[in-house]
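Before I ask anything, let me first share the structure, which is written out below as structure tokens.
The values are calculated or read from the model by the stated rules, or taken from the named source; none is laboratory data. Not measured: the values here are computed from a predicted model. Counting neighbours? That spans all protein chains shown, and the Cβs are built from the backbone with ideal geometry, glycine included.
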Amino acid sequence: MKLIRRLSSLWACAALALASPALADDGYRLWLGSAREQTSPVPVELSDDSPTLRIAAEELRRALPAGSRPVLLARADDPALAGLGIERQALGLEGYRVQRAMIGGREMTLVTGATDIAILYGAFAVLRHMNSGGDAADLALISVPKTRLRILNHWDNLDGAVERGYAGQSLWDWWTLPDFKHPRYADYARANASIGINGTVLNNVNAKAQSLTAPYIAKAAALAEVFRPYGIKIYLSARFSAPIEIGGLKTADPRDPAVAAWWKAKAGEIYRAIPDFGGFLVKANSEGQPGPRDYGASHADGANMLAAAVKPHGGIVMWRAFVYADTDPEDRAKQAYTEFKPLDGQFADNVLVQVKNGAIDFQPREPFHPLFGAMPKTPLIAEFQITKEYLGFATHLAYLGPLFEEVLDAPTGVRRGETVASVITDKADGQALSGMAGVANIGRDRDWSGSTFNQANWYVFGRLAWDPALSSQALAREWAAQTFGDDPVVIDTVVAMMMRSREAVVDYTGPLGLAHLFATGHHYGPGPWVSDLARPEWNPVYYHRADKQGIGFDRTRTGSNAIAQYAPSIARRYADPRSTPPEELLWFHHLPWDYRMADGKTLWEELVRRYDRGVAEVAAMREQWATLKPRIDAERWTKTDVFLAVQHREAQWWRDASLAYWRSINGLALPAGSKAPEHSLEHYKQMRFPFAPGNPH
Ligand code: GCV
């Protein structure tokens, strides 16, 4: 009996070893599964020939298990499909349908859509289905994207550095382009197409005018050629003063006809090289960037002038609403709304206003931006940050699905049933443009995103941009299964870790609605004490306003009254600390340290409890990950294990430094059971990180 048990446990170990990848996995393949060694690949037929359909066929041949039904890839208007009742209109240009069908007397799996790209999306949907536990025998998939534009924003500089990038140098090797098209460019496009991303802005919004010169247009055109069969359009960030810097003009005033003519000619030049160029993204009059306000013109004047230049070619302009000025004493959280809301209705029909998810800057938690719902006559595109500028760079594990979902699901209160998601998705009656943009977390690191779990943030962004109604938890499962294989223990454990991870970061960096407490420049470690920077709103003390009596930013009527920028029902909720969700409490209220929370604890006790909870969550993640050691390849397991140890140490650092500082202000003792910070406040204040990655210099 003993021997049998021993043999069966040996067998179990061997089976586990076989089931888990024997070879190291460097993460390059992302969520796309490894190709099967196919001795007799499933027949995949094309009703027509095109580079895109060939890619779709190749993906299916590589991945479908032998013995699956033959597949037909056919456009929805193909006569062979007549009689199948496919509603072409309902699929739009990018929607796909996958079903079992009798075609020419044979039972086949049909993958169809109005365009080749839709069919490619359908092919990837089949793979997703199969690799996340779906059944090949019963394929019936249908999906139509809810947004038109699903775009990555690369903050990549021409010298190869990536602003707020933590995964190595820029993917684009500008030096060897346009001659050498590195194979990773196609792999990047493939990964994006697999999750429905259909556009990419190649260069940083803090743009150099040179990106619009002939040599760089040729380089962008080479990338566009690689991306085209994958349905990915190229966009460029445009520097508003380019007519002066590379055009020899004396002004960039959008109302000057010579300036408009220069942009028109420039657009013509770009479209001759890239006929399907998507258009421009612009950061204007923000953080030192030039813009129309330099000439007394409005953001609408600037955007419309550029929009007129690309309009004849079918291009668009994404004009960022991320503006705030050091000359403006108004609460920074209010400035974008104050500037843009009055411009509603003044933008050309090929302009979208690009609005960050919150009114400050990609904090681990921010209430949704009040511009959502406030500009009904203007298409808005929501901007999220996939790269973790404020959530521990590449090393900390923070799955951003719940953050994206929380914002997308937020009711605006403006119209019945309206949410942020419904503002930025296609409307039955309305604007032709809609979309989601994500600041990419992709670089030249072998695993693309600096860590395995960061790949999940790229993945969830694409999937939610396709359909914001998808659940972040379901997407975590989908990603985990495709990334780590079908072991249910791995999937359950990984998903549990992911779903709590973002809240853990909130807890150890800025609980209860505190925000922007980061050290200067690099935004990595804590710096709640910082008060010496030139602009008031660059200093953490501006945001937390802590003094002996209390803490928090009063954004009610007695303070900056930022709450008045929300619809009345939302403003009413935020007006009273009792009805403000605890997670957003100190974003909206300045409260005494002994303010009583709903459960009777003081604010101070609750704050400390949350810092401790954040550190404990990371400790728990480490323990959970440790249990997976025998089930995951050594390379990915070890990297995550080491990163979790770093995160644990740094969560403790965040908690200790923050509490040391708060105590220096309020003089309060720590609640019973809570450990004193390891070092003095001075110690934390002295810490420096001169070479932290991603920091613009
Ligand atoms: C590209 C924040 C970041 C900057 C970034 C800016 C923006 O301020 O720290 O690096 O600049 O947002 O979104 O324009």
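For the range 231-257, give me each residue that is hydroxyl-bearing (Ser, Thr, Tyr) and under 16 Å from GLY291 (Cβ atoms).
So the first thing to find is which residues in the range 231-257 are hydroxyl-bearing (Ser, Thr, Tyr), and the list is 235, 237, 241, 251.
Once the filter is applied, which keeps residues that are hydroxyl-bearing (Ser, Thr, Tyr) and under 16 Å from GLY291 (Cβ atoms), the range 231-257 yields SER237, SER241, THR251.
So, one more: For the range 59-113, enumerate the residues that are assigned to a helix (DSSP H, G or I), among the charged types (D, E, K, R), without any contact (Cβ under 8 Å) to a residue 60 or more places away in the chain and closer than 23 Å to ARG150 by Cβ. First the steps, then the outcome.
Of the range 59-113, the ones assigned to a helix (DSSP H, G or I) are 59-63, 79-81, 88-91.
So of that shortlist, the ones also among the charged types (D, E, K, R) come out as 59, 61-62, 88.
Of the ones still in play, those that are also without any contact (Cβ under 8 Å) to a residue 60 or more places away in the chain are 61-62, 88.
Across the range 59-113, the qualifying residue is only ARG88.
Here is a further query. Within the range 405-423, take every residue that is among the charged types (D, E, K, R) and more than 16 Å from the chain's Cα centre (by Cα) and give me the one that is farthest from the ligand (Cβ to nearest atom). Write out each step before concluding.
First pass over the range 405-423, keeping only residues among the charged types (D, E, K, R): 405-406, 409, 415-416, 418.
If we keep only those that are more than 16 Å from the chain's Cα centre (by Cα) as well, we get 415-416, 418.
On the way: ARG415: 28, ARG416: 32, GLU418: 26 Å.
Checked the range 405-423; the qualifying residue farthest from the ligand (Cβ to nearest atom) is ARG416.
Taking the range 381-404, which residues are more than 11 Å from the chain's Cα centre (by Cα), more than 22 Å from GLY168 (Cβ to Cβ) and more than 16 Å from the ligand (Cβ to nearest atom)?
Kept after step one, since they are more than 11 Å from the chain's Cα centre (by Cα), are these residues of the range 381-404: 381, 389-398, 402.
With more than 22 Å from GLY168 (Cβ to Cβ) added as a condition, the list becomes 381, 402.
Passing the criteria: only PRO402.
Of everything in the range 289-340 that's assigned to a helix (DSSP H, G or I) and of a type in the set (S, T, N, Q), which residue is farthest from the ligand (Cβ to nearest atom)?
If we filter the range 289-340 for residues that are assigned to a helix (DSSP H, G or I), which is where we start, we get 292-295, 299-313, 332-340.
Right, trim to of a type in the set (S, T, N, Q) and you get 304, 335, 338.
Numbers: ASN304: 21, GLN335: 13, THR338: 18 Å.
Ranking the candidates gives ASN304 first.
Same structure, new question: For the range 607-658, what are the residues that are over 25 Å from MET687 (Cα atoms) and hydrophobic (A, V, I, L, M, F, W, C)?
ALA620, MET621, TRP625, ALA626, LEU628, ILE632, ALA634, TRP637
Return the total of residues in the range 275-288 being farther than 19 Å from ARG255 by Cβ, within 16 Å of the ligand (Cβ to nearest atom) and not hydrophobic (A, V, I, L, M, F, W, C).
To start, the set of residues in the range 275-288 that are farther than 19 Å from ARG255 by Cβ comprises 275-279, 281, 283, 286-288.
From the residues that got through so far, the ones that are within 16 Å of the ligand (Cβ to nearest atom) too are 281, 283, 286-288.
Retained after the next criterion (residues that are not hydrophobic (A, V, I, L, M, F, W, C)): 283, 286-288.
Of the residues in the range 275-288, 4 are farther than 19 Å from ARG255 by Cβ, within 16 Å of the ligand (Cβ to nearest atom) and not hydrophobic (A, V, I, L, M, F, W, C).
Restricting attention to the range 496-517, does a residue exist that is farther than 27 Å from PRO582 by Cβ and part of a loop (DSSP other than H, G, I, E, B)?
Just the residues of the range 496-517 that are farther than 27 Å from PRO582 by Cβ, to begin with: none.
No, the conditions are met nowhere in the range 496-517.
Determine the pairs where a residue that is basic (Lys, Arg), located within the range 360-371, has a partner that is modelled with pLDDT of 95 or more and more than 16 Å from the ligand (Cβ to nearest atom) with Cβ atoms under 7 Å apart, the partner being 6 or more residues away or on another chain.
Listed pairs, sorted by first residue: ARG365/VAL506; ARG365/GLU583.
Ok, one more. For residues that are within 16 Å of the ligand (Cβ to nearest atom) and among the basic types (Lys, Arg), tally how many sit in the range 146-196.
1
Regarding ARG609, is this residue in contact (Cβ under 8 Å) with a residue 12 or more places away in the chain, charged (D, E, K, R), surrounded by fewer than 20 Cβ atoms within 10 Å (Cβ to Cβ) and in a helix (DSSP H, G or I)?
Values: in contact (Cβ under 8 Å) with a residue 12 or more places away in the chain: yes; charged (D, E, K, R): yes; surrounded by fewer than 20 Cβ atoms within 10 Å (Cβ to Cβ): yes; in a helix (DSSP H, G or I): yes.
Taking the combined requirement at face value, the residue satisfies it.
Give me a count of the residues in the range 311-346 that are surrounded by fewer than 24 Cβ atoms within 10 Å (Cβ to Cβ), out of contact with any His (no Cβ under 9 Å at 6 or more places or on another chain) and β-branched (Val, Ile, Thr).
Summing the residues that are surrounded by fewer than 24 Cβ atoms within 10 Å (Cβ to Cβ), out of contact with any His (no Cβ under 9 Å at 6 or more places or on another chain) and β-branched (Val, Ile, Thr) in the range 311-346 gives 2.
Pull up the range 205-221, narrow it to residues that are surrounded by fewer than 24 Cβ atoms within 10 Å (Cβ to Cβ) and not in a helix (DSSP H, G or I), then point me to the one that is farthest from the ligand (Cβ to nearest atom).
My answer is THR213.
Please indicate, with yes or no, whether at least one residue in the range 317-335 is under 30 Å from VAL226 (Cβ atoms), free of Cβ contacts under 8 Å to residues at least 40 places away in the same chain and within 23 Å of the chain's Cα centre (by Cα).
yes
Moving to a separate point now. For the range 549-566, indicate whether the set of residues that are more than 15 Å from the ligand (Cβ to nearest atom), touching a Pro at 6+ places or on another chain (Cβ under 6 Å) and part of a helix (DSSP H, G or I) is non-empty.
Yes, because at least one residue in the range 549-566 is more than 15 Å from the ligand (Cβ to nearest atom), touching a Pro at 6+ places or on another chain (Cβ under 6 Å) and part of a helix (DSSP H, G or I).
Here's another thing I want to ask about it. Which residue, of ALA261, ALA307, ALA222, ALA267, is touching a residue at least 12 places away in the same chain (Cβ under 8 Å), of a type in the set (A, V, I, L, M) and over 16 Å from VAL201 (Cα atoms)? Spell out how you get there, then give the answer.
On the way: ALA261 fails: touching a residue at least 12 places away in the same chain (Cβ under 8 Å); ALA222 fails: over 16 Å from VAL201 (Cα atoms); ALA267 fails: over 16 Å from VAL201 (Cα atoms).
Matching residue, one of ALA261, ALA307, ALA222, ALA267: ALA307.
Could you tell me whether the range 438-445 includes any residue that is part of a loop (DSSP other than H, G, I, E, B), surrounded by 24 or more Cβ atoms within 10 Å (Cβ to Cβ) and either of a type in the set (Val, Ile, Thr) or in contact with a Cys (Cβ under 6 Å, 6 or more places away or on another chain) (or both)?
Yes, the range 438-445 contains a residue that is part of a loop (DSSP other than H, G, I, E, B), surrounded by 24 or more Cβ atoms within 10 Å (Cβ to Cβ) and either of a type in the set (Val, Ile, Thr) or in contact with a Cys (Cβ under 6 Å, 6 or more places away or on another chain) (or both).
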